[in-house]
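The values are calculated or read from the model by the stated rules, or taken from the named source; none is laboratory data. Here the structure is a predicted model, which means the values were calculated and not measured. Note that we place each Cβ from the backbone using ideal geometry, even for glycine, and neighbour counts take in every protein chain shown.
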Amino acid sequence: MSRNRRVVLGCAVALVIAGCGASHAPTAKPVQVTASGGPTLGGRVVSLTSYRGHPVVLIFWASWCGPCHDEQPALNTAYATWSPSGVVFLGIDLRDTTAPALAFQKQLKVPYPSIADTNATFAVDYEIPSAPALVFLSSQGKVADVVLGALGVMSATQFDAEVTTLLNTSTTGSA
């Protein structure tokens with residue numbers, strides 16, 4: 001296991017242990033989130049395998065993340081630009097609660113669905129320590145690039161170049 005994965009896993013375990021003493025009413029058992037899919041904030045279950053044949057942009061965000069608020073308008077523009085070409089956008093709402101996450105989506109007019117990753121299952125699998133982050137998946141579902149800091153460290157031109165490469169790769173059939 002890589003050192004980075006151990007650090008991320010250790011942080012996730014520490015967060016779980018820290019919450020163990022909290023008292024709250026029991027809730028219904030949620031649909032299990034796995035790194036291949038889970039329930040969206042709207043209640044629909046999605047699976048990454050259903051997007052095979054299309055490049056996918058995973059957007060790791062949270063309502064408590066200031067940079068996530070700042071970059072959302074640019075992500076909305078990227079969605080409007082690239083989704084007609086078959087690029088799938090899927091948000092991964094990281095370590096958040098439902099009400100603030102839904103308010104974020106409504107206030108910022110997020111046009112794509114988001115999976116509620118309350119236990120950081122996706123984040124650990126993709127080695128994402130915190131939001132914001134982007135993961136670009138090829139049309140075969142393989143990780144093509146990971147950008148920690150998302151649009152704070154990647155320009156719109158670089159984002160467009162990354163997506164163009166994914167689209168060109170999907171038409172040529174290579175990974």
Exercise. Mind listing whichever residues of the range 98-113 are at negative phi and touching a residue at least 24 places away in the same chain (Cβ under 8 Å)?
Key: THR98, PRO100, ALA101, LEU102, ALA103, PHE104, GLN105, LEU108, VAL110, PRO111, TYR112, PRO113
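Residue by residue, here is whether (1) buried (at least 16 other Cβ atoms within 10 Å of the Cβ); (2) part of a loop (DSSP other than H, G, I, E, B) holds:
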| site | (1), (2) |
| --- | --- |
| ASP96 | yes, yes |
| PRO111 | no, yes |
| ALA116 | yes, no |
| GLU127 | yes, yes |
| MET154 | yes, yes |
| THR157 | no, no |
| GLU162 | yes, no |
Quiz item: Which of the residues belonging to the range 106-123 are at pLDDT below 95 and not hydrophobic (A, V, I, L, M, F, W, C)?
Solution: ASP117, THR118, ASN119, THR121
Quiz item: Which one of the conditions (1) modelled with pLDDT of 90 or more; (2) under 17 Å from VAL46 (Cα atoms); (3) hydroxyl-bearing (Ser, Thr, Tyr) does THR157 fail to meet, given that it meets all the rest?
Solution: (2)
Quiz item: When you go through (1) modelled with pLDDT of 95 or more; (2) under 19 Å from SER36 (Cβ atoms) one by one for ALA103, which number turns out not to apply?
Solution: (2)
Self-check item: Pair list, Cβ under 7 Å, 6 or more apart: the range 66-83 residue in contact (Cβ under 8 Å) with a residue 12 or more places away in the chain, other residue surrounded by fewer than 16 Cβ atoms within 10 Å (Cβ to Cβ) and assigned to a helix (DSSP H, G or I)
Solution: PRO67/GLY152; GLU71/GLY152; ALA74/ALA156
Quiz item: Within the range 48-55, is there a residue that is part of a strand (DSSP E or B) and closer than 24 Å to THR165 by Cβ?
Solution: no
Quiz prompt | Pick from the range 64-94, criterion among the acidic types (Asp, Glu) and part of a helix (DSSP H, G or I), ranking: surrounded by the fewest Cβ atoms within 10 Å (Cβ to Cβ) | solution = ASP70
Quiz prompt | Within the range 60-98, considering residues that are in contact with a Pro (Cβ under 9 Å, 6 or more places away or on another chain) and among the β-branched types (Val, Ile, Thr), the one farthest from VAL110 (Cα to Cα) | solution = VAL87
Quiz item: Which one is farthest from the chain's Cα centre (by Cα) among residues in the range 103-141 that are of a type in the set (A, V, I, L, M, F, W, C) and closer than 16 Å to ALA78 by Cβ?
Solution: LEU108
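Here is a yes/no grid of residues against (1) of a type outside the set (S, T, N, Q); (2) touching a His at 6+ places or on another chain (Cβ under 8 Å); (3) under 25 Å from PRO39 (Cα atoms):
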| residue | (1), (2), (3) |
| --- | --- |
| TYR112 | yes, no, yes |
| LEU134 | yes, no, yes |
| SER139 | no, yes, yes |
| VAL143 | yes, no, yes |
| VAL147 | yes, no, yes |
| ALA150 | yes, no, yes |
| MET154 | yes, no, no |
| ASP160 | yes, no, no |
